[in-house]
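Bear in mind these aren't lab numbers, they're just calculated from the coordinates by the rules spelled out. Computed from a predicted model, the values in this text were never measured in an experiment. All Cβ positions, even for glycine, are placed from backbone atoms using ideal geometry, and neighbour counts span all protein chains on display.
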Amino acid sequence: MYIAWIPLLPLAAFVLLGCWGKRLRPVTAGWIGILTALGSLLLAILATYHYGVIVGPQAGRFPELLLMKFAWLPFNSQLSIDMSILLDPASLMMILVVCFVSLMVQLFSLGYMRGEQRFSTYYAFLSLFTFSMLGLVLAGNLFEIYIFWELVGLSSYLLIGFYFTRPTAVAAAKKAFIVTRFADLGFLIGILILGLGAQTLDLHTLLERLSTPSVQAQHMNSTIFLGMSSLSWGLILVFVGGAGKSAMFPLHVWLPDAMEGPTPVSALIHAATMVVAGVYLVARLFPAFSYSGPTPLGLVRYVGAGSALLAAAIACTQTDIKRVLAYSTMSQIGFMMLALGSSGLGGAKELGYSASLFHLFTHAFFKSLLFLAAGIIIHQVHSNEMEAMGGLRKALPLTHICFLIGCLAIAGIPPFAGFFSKENILLAAFQADRGIYLAALFSSGLTSFYMFRLYFHIFWWKSQPAGLTSRPKAEWTMGLPLLVLASCSSIAGLVPFPRLVSADGYPVAEQPLGSFSVLPVLVSFVGLGIASFLYARETERPRKLGQQLGRFYRIINHKFYIDEIYLFVTRDVIVKGLAAPAAWVDRRIVDGFINGLARSTAWVSQRIRGLQSGRLQQYMMYFFAGLAVLAIVILYLWKP
Amino acid sequence: MSEIPLTHILFVSTALFFIGLYGLLSRRNLITMLMAIELILNSVNINFLAFNRYLHPDQLHGVFFSLFIITIAAAEAAVAIAVIINLYRTHQSIDVEDAGEMKF
């Protein structure tokens, strides 16, 4: 099947650019990356057509196709880790999104990274990332997902730390890798529990066994540990892994720092693809989540809602444009998680699942649009801080329109894409849990507020841009992705998503959004209005508001001191309290014991070295003495 | 004349053995040590001959073995002299205290 070429083309680009990239002209390296991404996209479109039209829905539902299965690590006849490719509407949607956004980002980077010395290395890393993400999405085996999961983490590390001469970038890359790796510990344990319980790691079989009352599911449900069944534990641990990758509270600390990487990298990885891997993972295992009782899904729901609210609050106080967008991403992924957590299996209950993936789809477009536009703005004013920006709407007209479209989409204002997906999420939340719905509604309002705060501060605020002398050069490689993504953000909402992507393959009937969506849209406009009031013209209002909120504002501004708490725990508790004493024991007691042995051996040997004096006659005397002793013993004392 | 008891002869050979051993362990001159070794070998010879004469008078095994010992003692003395000469060439001395390199 040609499906295998979808991830293999970027891999080939990685190998090519990694080995011979230095010898190529930068433009060539860039186009190699772009053409492989384009090739993957075309193959993905072909595959979608093939699946949707030629194979088509069977018995009313979209089937899951398992392709190219081969035994990769056979342990014995019962347990074997196979590699396979799983095709269903969700994975096809993901490969379309990944290939498309990757293509747009690589095209954009041609212009953005111009003059960069390690141009081909950059494209090699981007291709590696694309390969890893595509592999993750197409994986048909839970362990295969884990393999590509780690590869994605590696690519992210390489890309965040791209400017490795900057200490902050190096620290950020390490932080991202360590936090996600820490979460992956939970993921691995969860995989082992699920694999042991279901007697297989193959996704199709595993889900079959764990979503119906089968022998394995009964066994797992009856094994209780600390009050929860082993199935729940396995799923919760897997969710921990997903939460780390998707920057959910409390494992979110790496995402804002990851903005040290180049902006197109942020657009690709930390907006559209890698951070949604956690959502994708939960979506993949959704039948098992739904079967296992209220606890795992409840955890997903509350963590999602909490993260959405937390991130939205912090985003309102940040002044670095990329950090605002980073917290915005965390918030939107919180929305996706809470939609998944509010979802059920079967019929209209599945709205949450479809809404979550729909939001993933639309979010990819408008978030990468926002990041790329931010890249252009940063390039222009040579600073990430909002303070350096203002009044740019005349200087950057195209960027202005695109950024505005992105903000309208993320705020959920009709008819842009975000409206449709966000309304579905809110509807699913409303049907599941009113409290969650209120939290989501409030977060949505905050989203609108902070995004338009950003928008007004960059493009309005002042009438003349500060320090901007001439109109910037326009390049088609940077403008085209912006336009394409903007148009997608505008029309992607019209895709009848729930009919195509759903938890069990059966289309979910779209529910009319009419009267329900009045309140959320109103809330969004209120947010917009407040932002406009505070930020459209340069005034003292925002600062005075910040002072009035006093300590409350300060706590949020410092990101709820979560980073400080983590630093305290790791440095003072773990390093000083656990690691240092352990090192002392290792040095003084364990090594000391061995060294003591050695020292005493040396002392004894010093004492008896006199026995080997080199004097021949002394040797002879010992010889004969020993002989005499032996003779007496053997002749007189040894009684057989 | 009456037979000399076997034990008398054994006393003599034992005394010779230990005199030889004492000489081996306490002399400094290598040639003198060689002479002590010969003394030990000869004491063993006396032992063999005595046992032959007193315990198995109709056989000659002891005599034959003594002949062997004499021959081997001669050959071994030759080899020992060669070693001593080599030692002299390196150390310019045949004092056993000067040849003390095999130590810690």
Considering the dipole of the protein assembly as shown built from charges on the beta carbon (Lys and Arg +1, Asp and Glu -1) around the Cα centre, which of A:N384, A:Q431, A:T36 is farthest to its positive end? A:N384
Cross-link pairs beyond the 25 Å C-alpha cut-off, checked among A:K422/A:K544; A:K367/A:K559; A:K349/A:K559: A:K422/A:K544; A:K349/A:K559
For a Förster distance of 56 Å, can you work out the FRET efficiency between the beta-carbons of A:R609 and A:L637, rounded to the nearest 0.05? 0.95
To the nearest 0.05, the calculated FRET efficiency linking B:H91 and B:F65 through their beta-carbon distance, R0 being 41 Å, is 0.65
Hey, any idea what the orientation-averaged projected area of the convex hull of region A:183-223's Cα atoms comes to, in nm²? 2.8
As an exercise, take the mean of 1/r over every pair of distinct alpha carbons in region A:486-600, invert it, and state the Kirkwood radius in angstroms. 21.8
Between region A:533-609 and region A:175-200, what is the C-alpha centre distance in whole Å? 25
Stretch gain in nm, segment A:K544-A:M68, where the contour uses 0.36 nm per residue and the Cα spacing is subtracted: 165.1 nm
Hey, with R₀ at 45 Å, roughly what FRET efficiency would A:R434 and A:F164 work out to, going by the Cβ-Cβ distance, to 0.05? 0.40
Computed on Cα atoms only, the convex hull of region A:199-354 has an orientation-averaged projected area in nm² of 9.8
Consider all pairwise Cα distances in region B:6-98 and report the whole-number % of them above 18 Å. 55
Inter-part distance where region A:320-390 and region A:31-62 are each reduced to a Cα centre, Å: 25
Nearest 10 degrees, 0 to 90: what angle lies between the long axis of helix A:119-138 and the longest principal axis of chain A (Cα atoms)? 90
Residues whose built amide H sits under 5 Å from the amide H of A:A139, excluding neighbours closer than 5 in sequence, are A:L86
Name the residue farthest towards the positive end of the dipole of chain A from the options A:F497, A:L483, A:G550, assuming +1 on Cβ of Lys and Arg, -1 on Cβ of Asp and Glu, about the Cα centre. A:G550
Across chain A, how large is the tail of the calculated P(r) beyond 41 Å, expressed as a percent of all Cα pairs? 32
Trypsin sites (Lys or Arg not before Pro) in region B:1-90 lying in a DSSP loop, each with at most 14 other Cβ atoms within 10 Å of its Cβ, come to B:R28
Phi angles of region A:226-243, converted by Karplus (6.51 cos²θ - 1.76 cosθ + 1.60, θ = phi - 60°) into ³J(HN,Hα) in whole Hz with x for Gly and Pro, give 6, x, 10, 5, 5, 5, 4, 4, x, 5, 5, 5, 4, 5, 4, x, x, 5
At 7 Å along Cα-to-Cβ for each site, give me the label-to-label distance between B:F104 and A:I178 in nm. 5.0
Computed [θ] at 222 nm, deg cm²/dmol, the protein assembly as shown (DSSP H ≥ 4; -39,500 (n - 2.57); rounded to nearest 500): -22500 deg cm²/dmol
Mind giving me the nanometre distance, one decimal, between the label points for A:E564 and A:Q58, set 7 Å out from Cα along Cα→Cβ? 6.0
Can you tell me the 0 to 90 degree angle between the C-alpha axis of helix A:351-381 and the longest principal axis of chain A, rounded to 10? 90
Residue farthest toward the positive end of the dipole of the protein assembly as shown, with Cβ of Lys/Arg at +1 and Asp/Glu at -1: which of A:S230, A:W20, A:F62? A:W20
Which angle between 0 and 90 degrees, to the nearest 10, do you get for helix B:30-55 versus the longest principal axis of chain B when only C-alpha atoms count? 10
Give, rounded to the nearest 20 debye, the magnitude of the charge dipole that the protein assembly as shown has about its Cα centre when Lys and Arg contribute +1 at Cβ and Asp and Glu contribute -1 at Cβ. 2140
If I model a spin label at A:A625 and A:E385 as a point 7 Å from the Cα along the Cα→Cβ vector, what separation in nanometres do I get? 8.8
